1. Just one of (1) under 21 Å from the mean Cα position of the chain (by Cα); (2) in a helix (DSSP H, G or I); (3) not β-branched (Val, Ile, Thr) trips up residue 10, so point out which.
2. Please work out which one of (1) outside the structural domain of residue 26 (by TED's automatic domain parsing); (2) modelled with pLDDT of 85 or more; (3) surrounded by 16 or more Cβ atoms within 10 Å (Cβ to Cβ) is the condition residue 51 fails and give its number.
3. Return the pairs, sorted by first residue and then second, in which the second residue is surrounded by 16 or more Cβ atoms within 10 Å (Cβ to Cβ) and assigned to a helix (DSSP H, G or I), the first residue lies in the range 104-115 and is without any contact (Cβ under 8 Å) to a residue 12 or more places away in the chain, the beta carbons are less than 6 Å apart, and the residues are 6+ apart or on different chains.
4. What residue, among those in the range 58-91 that are of a type in the set (Ser, Thr, Tyr) and within 19 Å of residue 32 (Cα to Cα), is modelled with the lowest pLDDT?
Amino acid sequence: MRLTPQLAEQVCERGHGDVLIEGAITRQGVSAYTLEMTASDCKKGRVLFSERAEPKNIDEVLTTLAKIAAATRSRLSGNAGDTSTGPAALPTSSVQALKAYTTGLELLHSQPAQSAALLEQATQFDPISRTPGRIWQLLTIYWGRNKGKTLISSARSI
């Protein structure tokens, strides 16, 4: 769903916000991407600033997005040019690992087998992510509850 100017105005009014941040990630060609982030003044409806970046491949998307978000936070806080506040730490730099991890967490209680398959898949996409301890903890609980039954990975279709 695209955020129209009318919908953005309603979000600002209902949320009593000062600034609305809109973002988009679009694929350019086979492997390149464009990231855009725009900050608008809710009360005046004017664009305060925009950020744009073009990571070369999917592996650079999350890192580039973190840098844009840090630059946006810095500008909004009035500390533009202050490099002491870098990008927030990412749990992974892999889009596929992040998708598998977040979907696995969403399915944790409703579909535990599917959740376990996705969490295991996240570790395969990014074995050195910052969340492996949490993932393995959840998988250990799942496997313990299922008495070590073999995990059937149906996550490959996602």
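1. (1)
2. (1)
3. Going by the 6 Å Cβ cut-off, the qualifying pairs are 107/114; 107/115.
4. Step one: filter the range 58-91 for residues of a type in the set (Ser, Thr, Tyr), giving 63-64, 72, 74, 77, 83-85.
When the remaining residues are screened for being within 19 Å of residue 32 (Cα to Cα), the result is 63-64.
Working: 63: 86, 64: 89.
By that ranking, first place goes to 63.
The values are calculated or read from the model by the stated rules, or taken from the named source; none is laboratory data. What you see is a predicted model; the values in this text were computed from it and never measured. All Cβ positions, even for glycine, are placed from backbone atoms using ideal geometry, and neighbour counts span all protein chains on display.
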